[in-house]
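Below you'll find the structure, written out as structure tokens, and then a few comments.
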Amino acid sequence: MNQWTREARYRPLSDLAPEVYQLMKEEVRTSPWRFSFHIQPPTGLLNDPNGFVYHNGTYHLFYQWFPLGPVHGLKYWYHMTSKDLVHWFDEGAALIPNDDPDSHGAYSGSGFIKNDQVHIMYTGNKRDAEWNRHTSQIVGHLRSDGRIEKHLPPAIPTVPDGYTEHFRDPKVFQHQDVWYCIIGAQRTDLTGCAVIYQSEDAEQWTLIGELQTDYPRFGYMWECPDYFELEGQGVLLFSPQGIEPKGDHFQNIFQSGYFIGKPLTLPDLTFQHEDFVELDFGFDFYAPQTTLAADGRRILVGWMGLPDITYPSDRYNWAHGLTLPRELTLENQHLRQRPVRELTALRKETLYADEFVLEHSFSPAHAETFELELSHLQLLSDTLTFKIRVSDQEETVLRYEAQTRRFTFDRTHSGAEIPATDYGTTRSVTLVEPLHALRLFVDRSSVEVFLNDGEAVASARIFPKSTSQDIILAGEATGHLAIYTL
Ligand code: FRU
């Protein structure tokens, strides 16, 4: 990617003639592996979900966007809206990094509702002439013309003592009528943590301090923190960087996970919590963010990608997508993640729907983009194998071993090009419950698998040929199987 000089990465979209941008969009639109039902960038690179919020019948979801290519450069916020979390409307770029404090990127942040208006708080990223980073936190609101109006100067203009300029991704929440925001940070001793501010009006912010956890030395930076309460417990999500692999855990370049504990009693900053748990055991998941749905459900969306990894779609000038939205519940001190129930609206044709008795191996259908739902599963053999996106040369394999309750996602042969092979081509999880249910969402270049009604989830990008469409089940089992095209 030598053409991506510093200058090229920080070139604004407005430098491009509209017809040139149109041409780029057209090239991307017709390129291989474009998603059919996931949020993806019109051109260039998508990363973190941002500003996820529900207001007056509409969900607003923004994402980090570099328009000009599949690299991390000058970041904008791209805006999508939806009535149902399934069908998304393209609202275009909403936050433009064209002011001094965000001259090198409108970095991640969150949404909140104040005065009956969608507000956001995000990180302004600026580089000076020596290329030193200057970080600030900026509040803004969404105008009726679809653009974010920034409330400048920044609400939090500098980084407090004790932290480096890696200080970003404010997530705003309300607690007993007080506004708080939690920010991902790096201490000057290069360890990661989260810092909390409070405010009466969500415009003037006062530092209250660092969240006190039982993990004072856990990686070198915590990105994208999110705090919320669920069923009477406090949940802290964050994306720590610099965690070493351990058994089946922490296999990706960077991690995302959570602590569950006693609800915070802010402004007391002590958080009593259990161990860190990864949110997703797949290959491509990072920087998730949550919001509250109209009916009180806690909904999570993640970035189906990771920093510093090359993907085959890069050469077509686009990269990444967002995961499907998931509903979170808490059961036995463990977060369960289910695809939002609205997603059944995606189903088109039923390819298979029946009780089945699997005696050896069978191929219930062929499809490129589909949902597969297996329930009431009773295993009669030691292993059960699902192969999807199969052709002579390609297969994506999901394998369950009853004895160990280990479930493995294997993308070794998912296509001619496999991303991030340095980090291995299989991921595994050991389930608590024996496998009894499985739900798979397969798009042109992704797989999301939900096990045991939300006990474990894996997200993965795969880059098979569009003609690799066989679905094969192997083992001995009974259950109910349904397959729908999406
Ligand atoms: C996470 C992240 C955030 C930052 C943003 C920049 O992927 O590094 O910490 O705000 O991406 O695009």
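The values are calculated or read from the model by the stated rules, or taken from the named source; none is laboratory data. No experiment lies behind these values; they were computed from the predicted model shown. As a convention, Cβ positions derive from the backbone with ideal geometry for all residues, glycine included, and neighbour counts pool all protein chains shown.
Here are a few things to note about the model shown:
- Cross-chain or 6+ apart pairs with Cβ under 9 Å, region 103-120 first and over 27 Å from Leu13 (Cα atoms), then more than 10 Å from the ligand (Cβ to nearest atom) and of a type in the set (Lys, Arg): Gln117/Arg143
- Among residues of region 429-443, those that are surrounded by 19 or more Cβ atoms within 10 Å (Cβ to Cβ), out of contact with any helix residue (DSSP H, G or I) (no Cβ under 8 Å at 6 or more places or on another chain) and either within 22 Å of Val390 (Cβ to Cβ) or polar (S, T, N, Q) (or both), counted: 6
- Top-ranked residue in region 23-55 [being charged (D, E, K, R) and either assigned to a loop (DSSP other than H, G, I, E, B) or within 16 Å of the ligand (Cβ to nearest atom) (or both); ranked as farthest from the chain's Cα centre (by Cα)]: Arg34
- Filter result (away from the ligand (no atom under 16 Å from the Cβ), assigned to a strand (DSSP E or B) and farther than 14 Å from Cys181 by Cα) within region 222-237: Glu229, Leu230, Gln233, Gly234, Val235
- Neighbours by Cβ (under 7 Å, 6+ apart or cross-chain): first from region 83-95, touching a residue at least 60 places away in the same chain (Cβ under 8 Å); second in a loop (DSSP other than H, G, I, E, B): Leu85/Pro325; Leu85/Val340
- Among (1) assigned to a strand (DSSP E or B); (2) out of contact with any Phe, Trp or Tyr (no Cβ under 9 Å at 6 or more places or on another chain); (3) closer than 30 Å to Glu394 by Cα; (4) of a type in the set (Val, Ile, Thr), the one test that Ile260 misses: (3)
- Some residue of region 108-129 being outside any strand (DSSP E or B), within 12 Å of the ligand (Cβ to nearest atom), crowded, with 21+ Cβ neighbours inside 10 Å and modelled with pLDDT of 95 or more: no
- If you go through region 237-274 and keep only what is over 18 Å from Thr191 (Cβ atoms), surrounded by 15 or more Cβ atoms within 10 Å (Cβ to Cβ) and over 23 Å from the mean Cα position of the chain (by Cα), you end up with Pro263, Leu264, Leu266.
- Condition check for Asn98: in a loop (DSSP other than H, G, I, E, B), in contact with a Ser or Thr (Cβ under 9 Å, 6 or more places away or on another chain), touching a residue at least 12 places away in the same chain (Cβ under 8 Å) and polar (S, T, N, Q): yes
- Filtered residues of region 310-347 (kept if of a type in the set (Val, Ile, Thr) and under 19 Å from the mean Cα position of the chain (by Cα)): Thr310, Thr323, Thr329, Val340
- Region 76-105: number of residues that are within 16 Å of the ligand (Cβ to nearest atom) and more than 18 Å from the chain's Cα centre (by Cα): 10
- Of all residues making up region 176-186, the number that are more than 16 Å from the ligand (Cβ to nearest atom) and either touching a Phe, Trp or Tyr at 6+ places or on another chain (Cβ under 9 Å) or under 16 Å from Met121 (Cα atoms) (or both): 3
- Flag for Val195 being modelled with pLDDT of 95 or more, of a type outside the set (Asp, Glu) and touching a Phe, Trp or Tyr at 6+ places or on another chain (Cβ under 6 Å): no
- Contact map, region 258-276: residues that are closer than 12 Å to Ile196 by Cβ and free of Cβ contacts under 8 Å to residues at least 60 places away in the same chain paired with residues that are among the hydroxyl-bearing types (Ser, Thr, Tyr) and assigned to a loop (DSSP other than H, G, I, E, B), Cβ distance under 9 Å, separation 6+ or inter-chain. Pairs shown: Thr270/Thr213.
- For region 130-148, residues that are under 18 Å from Trp205 (Cα atoms), away from the ligand (no atom under 13 Å from the Cβ) and touching a residue at least 40 places away in the same chain (Cβ under 8 Å) total 2.
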